[in-house]
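The values are calculated or read from the model by the stated rules, or taken from the named source; none is laboratory data. Quantities reported herein were computed from a predicted structural model and do not represent experimental measurements. For the accessible areas, the whole protein counts, side chains as well, though only heavy atoms, and no ligand, DNA or RNA atoms are used. Shrake-Rupley method; radii C 1.70, N 1.55, O 1.52, S 1.80 Å.
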Amino acid sequence: MDLENELRQAMAEHVTEMSAPRTLASEAKRRHHRTVRRRASFAVGAAGVIAAVAMIPAYQSIHSQTVGADGPGGKKQDQHATGTQSVVPSPTIGDRSGSPSNGPKGSRSPAKPKHSPGSQGPDLGIAKSLLGYLPQGLIPSKPCGTAQAGSKETTTCRWNGPGGWVEVRLIHASGLKTPADLKLAPPLAKHDTVHGHPALRSDGGPALPSQVMWIERKGLGVWVEVSPSLGSSLTHVADGVNVT
């Protein structure tokens, strides 16, 4: 027991000679704050790394869809786009050209262009062959013209000269059966006969032209008019009309 007491006394005397420095408390606080800041920085850095790792799959998925170059999605898109392209053949100029075809034997030559309603005919052939009798000095003033009004088609030919003029109209319509169906006869027209067909005739006089009209065959009517100076030639002109 004496030894134990002596040890305690010796230790107490040794401790009483020692004292803590004044800066111990502030140093302890500084170290504590430093430890807290390090732990916070580490936590923030770890969270950033986790977020970056989580975004890598999403970035790769978006990148493979938007850039169709070498990735699997890009190759499929390129192949699909290439497969849906259609090749439109360019038109052959020779098929629509008005010049004769120089193609191989057996190829079709371009068809003769058709004239639209109201356009002038290609030549004076119709005017020259239409009348078998024409008063002296008259010549075709212009190519015959064709006009369309619904299902009704009218071809008009005219001859002019110093002595007067002659005009002939050929009317094609499915409902033509009698001369009155032409609706071109004047109120005081009288009955006549042309080519053995019933006709309506009007003798104009010194100041009015004379005209005659008839149905040559079903669906085809003929109307002939001459200037006042050629009224006496109306019958000869009408009898010479050739539409067969």
(request) Being open to solvent by 30 Å² or more (accessible area, probe 1.4 Å) and assigned to a loop (DSSP other than H, G, I, E, B) is the filter; apply it to region 148-179 and report the residue that is farthest from residue 131 (Cα to Cα). (result) 150
(message) If I ask for residues that are open to solvent by less than 20 Å² (accessible area, probe 1.4 Å) and either among the aromatic types (Phe, Trp, Tyr) or more than 46 Å from the chain's Cα centre (by Cα) (or both), which ones from region 214-229 would you list?
(response) 214, 223, 226, 227
(request) Take region 7-28 and flag every residue that is at pLDDT 75 or above and part of a loop (DSSP other than H, G, I, E, B). (result) none
